[in-house]
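The values are calculated or read from the model by the stated rules, or taken from the named source; none is laboratory data. Nothing here was measured: the structure is a model prediction, and the numbers come from that model. Methodologically, a virtual Cβ is constructed for each residue, glycine included, from the backbone with ideal geometry; neighbour enumeration extends over all protein chains shown.
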Amino acid sequence: MAAPAPLPSVHLMATTTITNPTTQGTGDDSLIPLYRNPTRLALSASPWRSVRYLAGHLVGGTFMGAAAALSTAAGATAAATVAGLPLLRPAASAVRRCADAERRRLRLVWRAPVRAAYATTSETGTLSRALGPWRDPAIWRDLRYLVAFWCPLALLDVSVLAVWAALLTGVTLPFWYWAPTGTDMVGYVRGSSVHGVALGYFPHGPAGPGAIGLYADTLPKAMLAAAMFGALLLLFNYVLVTAARAHAAFALANLASPAAGSPGAAA
């Protein structure tokens, strides 16, 4: 007796397909390459693209994460009643649109577009059609990136961008070192106006006892401080670009189909 034919799966692949990222994440396909030469890295577009990508997550990623969370919560609340079951599908569609926005933002990092493949159901029942999108692991990977990992990724972005911005501001010190007065900056003075920027600990003013650090109150001192900030900025660019690449690689791992593999995977 012939073996019975296997039953067809209720899930079909949606028409959207994955772009084969055979070189995504490699030096050839990445738009933010990590050059070994610090000067070349500083003069390239990699730091600025990294800043744009990380800052974009703080703005756009926050909005998309909140929209995905609210859509999921609204759909789950509505599904508590039979009449609200049809709202599960629009809720899933909203999550997909939020994930699609993040995929488009990955074009700042990868040359090739990143698309996901979602499963669709062929069943016609109300309950099956309502729950069909939520049985797809892809939508849960979207939520994992958009909602569950928003906070740790945002902390990474804020930390890296804050240090990078502080170092970049220090490079421009010769243009504005004279502007702060008294306690406008870190320095402390009592009953007098002292111009300059305190880079260290000055409990009794720039010339008082116990002072530790550099008080940039003249142009030569400001230029010396700017040179130190510039050297630190050259080194920190590696941290900035590495953070952006790691963030983008994590996004790709969650927002693309597992069949696409990790960045830099072979075909």
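If you go through the range 180-202 and keep only what is modelled with pLDDT under 75 and in contact with a Phe, Trp or Tyr (Cβ under 7 Å, 6 or more places away or on another chain), you end up with Gly187, Tyr188. Has the range 140-147 got at least one residue that is over 30 Å from Gly230 (Cα atoms), without any contact (Cβ under 8 Å) to a residue 40 or more places away in the chain, surrounded by 13 or more Cβ atoms within 10 Å (Cβ to Cβ) and not hydroxyl-bearing (Ser, Thr, Tyr)? Within the range 140-147 (the criterion being over 30 Å from Gly230 (Cα atoms), without any contact (Cβ under 8 Å) to a residue 40 or more places away in the chain, surrounded by 13 or more Cβ atoms within 10 Å (Cβ to Cβ) and not hydroxyl-bearing (Ser, Thr, Tyr)), the answer is yes, since at least one residue qualifies. All of Thr81, Thr72 fail the test of being over 29 Å from Leu156 (Cα atoms) and hydroxyl-bearing (Ser, Thr, Tyr), apart from Thr81. Evaluation of Gln24 against the conditions (1) within 30 Å of Leu127 (Cα to Cα); (2) modelled with pLDDT under 90 shows that the sole unmet condition is (1).
Checking the conditions here, which among Gly170, Gly75, Gly65, Gly60 is without any contact (Cβ under 8 Å) to a residue 40 or more places away in the chain and not polar (S, T, N, Q)?
None of the others qualify; the one that does is Gly75.
With the condition kept exactly as written, say whether any residue in the range 167-179 is surrounded by 13 or more Cβ atoms within 10 Å (Cβ to Cβ), touching a Phe, Trp or Tyr at 6+ places or on another chain (Cβ under 8 Å), assigned to a strand (DSSP E or B) and at pLDDT 85 or above. Within the range 167-179, not a single residue is surrounded by 13 or more Cβ atoms within 10 Å (Cβ to Cβ), touching a Phe, Trp or Tyr at 6+ places or on another chain (Cβ under 8 Å), assigned to a strand (DSSP E or B) and at pLDDT 85 or above.
Of the residues making up the range 52-66, those that are surrounded by fewer than 17 Cβ atoms within 10 Å (Cβ to Cβ) and either touching a strand residue (DSSP E or B) at 6+ places or on another chain (Cβ under 6 Å) or small (Gly, Ala, Ser) (or both) are Ala55, Gly56, Gly60, Ala66.
Which one is farthest from Ala91 (Cα to Cα) among residues in the range 38-51 that are among the hydroxyl-bearing types (Ser, Thr, Tyr) and surrounded by fewer than 18 Cβ atoms within 10 Å (Cβ to Cβ)?
Step one: list which residues in the range 38-51 are among the hydroxyl-bearing types (Ser, Thr, Tyr), which gives 39, 44, 46, 50.
Among the residues that remain, those that are also surrounded by fewer than 18 Cβ atoms within 10 Å (Cβ to Cβ) are: 39, 44.
Details: Thr39: 48, Ser44: 41 Å.
Applying the filter and picking the extreme gives Thr39.
Of the residues making up the range 117-138, those that are out of contact with any Lys or Arg (no Cβ under 7 Å at 6 or more places or on another chain) and either assigned to a loop (DSSP other than H, G, I, E, B) or at pLDDT 80 or above (or both) are Ala117, Ser122, Thr124, Gly125, Trp134, Arg135, Asp136, Pro137, Ala138. Close contacts from the range 27-39, counting a first residue that is of a type in the set (S, T, N, Q) and a second that is at pLDDT below 85 and part of a loop (DSSP other than H, G, I, E, B), with Cβ to Cβ under 6 Å and a gap of 6+ residues or different chains, come to none at all.
Being within 29 Å of the chain's Cα centre (by Cα) and at pLDDT 95 or above: is that true of Leu234 here?
yes
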